[in-house]
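**Q** The structure's right below; bear with me while I get my questions together.
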Amino acid sequence: NAGVTQTPKFQVLKTGQSMTLQCAQDMNHNSMYWYRQDPGMGLRLIYYSASEGTTDKGEVPNGYNVSRLNKREFSLRLESAAPSQTSVYFCASRKRGEVEQYFGPGTRLTVT
Amino acid sequence: SQQGEEDPQALSIQEGENATMNCSYKTSINNLQWYRQNSGRGLVHLILIRSNEREKHSGRLRVTLDTSKKSSSLLITASRAADTASYFCATDARGQGAQKLVFGQGTRLTINP
């Protein structure tokens, strides 16, 4: 099992460019999450998907969109990147009925 | 807004000593979890304590929960160099299920050999 995988690992964007962060899990988990982590901070929830076909906003959704492509994959899209979106982005998944979340290795994004 | 507040923000101790980290939160919770993050990596779940539990042990980890004070502590006994990492508490608020976790800002623990 690879667990939760994320691509790319690193990305540099110019202000106004768009990109999609990819996340996949092979644990047959129902719920998936996108977080951002800023320096010296904990994680803040951007969007989540409780199950295939559903998505909901988290604490900091502005400037992002998500797609739950199927049970395995949950992507995060930045339509017009801004320097304030410079951060490390983590994807996580959770098995129905359990509380623990499993995290990917993160994508380090810099917007100049 | 962040629900969890952790202190200290940074802690440096000698190998073999015990490390204690504290977490406070604002609203009623279902569960509180502790996660570890090694530098440049994702978070790894350490231990879960439910709102009706007061203390839980797992290996060298001991977690306490005081719902009246809305606080929790994580004790790591007999620390090792490999325990060097950031530690985060995470809560899921009552009524919201386990869909949304709110993380504290973390304690950065350094174990000196």
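Read the figures in this text as sums done on the coordinates, not as results from a lab. All values derive from a computational prediction rather than experimental measurement. No Cβ is skipped: glycine too gets one built from the backbone with ideal geometry, and neighbour counts run over all protein chains shown.
**Q** Run through the DSSP bridge list for chain A and note the antiparallel percent, rounded to the nearest 5.
**A** Roughly 90 percent of the DSSP beta bridges within chain A come out antiparallel.
**Q** In a Gaussian network model over chain A where Cα atoms closer than 10 Å are linked, find which of A:Thr15, A:Thr55, A:Thr86 has the largest mean-square fluctuation.
**A** For chain A, modelled as a Gaussian network with Cα springs under 10 Å, the answer is A:Thr15.
**Q** What are the residues whose amide H is under 5 Å from the amide H of B:Arg60, where those residues sit 5 or more places off or on another chain and H is modelled from the backbone?
**A** none
**Q** Follow-up. Can you list residues whose amide H is under 5 Å from A:Leu43's amide H, if they're 5+ apart or on another chain and H is modeled 1.01 Å from N?
**A** Under 5 Å from the amide H of A:Leu43: B:Phe103.
**Q** With a cut-off of 8 Å between alpha carbons and a minimum separation of six or more residues, what is the relative contact order of segment A:7-112 in percent?
**A** 36
**Q** If you don't mind, there's one more thing I want to ask. At a 10 Å Cβ-Cβ cut-off, how would you order B:Ile13, A:Ile46, fewest neighbours first?
**A** B:Ile13, A:Ile46
**Q** Please get the size of the charge dipole for chain A, origin at its Cα centre, with Cβ charges of +1 on Lys and Arg and -1 on Asp and Glu, quoted in debye to the nearest 20.
**A** 120
**Q** Taking A:Lys71 as the anchor, which lysines have their alpha carbon closer than 30 Å to its alpha carbon, excluding any fewer than eight residues away along the same chain?
**A** Straight-line reach from A:Lys71, under 30 Å: A:Lys9, A:Lys57, A:Lys95, B:Lys100.
**Q** Within 10 Å of each residue's Cβ, count the other Cβ atoms and sort A:Cys91, A:Cys23 from fewest upward.
**A** Fewest-to-most ranking of A:Cys91, A:Cys23: A:Cys23, A:Cys91.
**Q** Another question about this same structure. Mean projection of the alpha-carbon convex hull of chain A over all orientations, in nm²?
**A** One quarter of the hull surface, i.e. the mean projection, equals 6.4 nm².
**Q** Could you run the Karplus curve 6.51 cos²θ - 1.76 cosθ + 1.60 with θ = phi - 60° over segment A:18-35 and give me ³J(HN,Hα) per residue in whole Hz, x for Gly and Pro?
**A** Ordered by residue, 3J(HN,Hα) equals 10, 6, 10, 8, 9, 9, 9, 10, 10, 9, 6, 7, 7, 9, 9, 9, 10, 10 Hz.
**Q** Another one. Averaged across the residues of B:99-111, what count of C-beta atoms belonging to other chains lies within 10 Å of each residue's C-beta?
**A** Per residue, the average neighbour count from other chains is 4.
**Q** So what's the gap between the Cα centers of segment A:65-96 and segment A:1-39, to the nearest angstrom?
**A** A separation of 5 Å, based on Cα centres.
**Q** If I take every Cα pair under 8 Å that is 6 or more residues apart in segment B:13-85, average their sequence separation and divide by the length, what percent do I get for the relative contact order?
**A** Here the relative contact order equals 39 percent.
**Q** Quick one: order A:His29, B:His57 by neighbouring beta-carbon count within 10 Å, fewest to most.
**A** B:His57, A:His29
**Q** Once fully extended, how much extra length lies between B:Asn30 and B:Gln99, figured as 0.36 nm per residue of separation less the alpha-carbon to alpha-carbon distance?
**A** Length gained between B:Asn30 and B:Gln99: 23.7 nm.
**Q** While we're here: Average partner chain C-beta neighbours within 10 Å, per residue of A:35-47?
**A** 5
**Q** While we're here: Enter the mean number of other protein chain beta carbons within 10 Å of the beta carbon of each residue in A:92-99, as an integer.
**A** Across A:92-99, the average partner-chain Cβ count within 10 Å equals 3.
**Q** Per residue of segment A:76-85, in order, report the coupling 6.51 cos²θ - 1.76 cosθ + 1.60 (Karplus, θ = phi - 60°) as ³J(HN,Hα) in whole Hz, putting x for Gly and Pro.
**A** Karplus-based 3J(HN,Hα) across segment A:76-85 equals 10, 10, 9, 6, 9, 5, 10, x, 5, 8 Hz.
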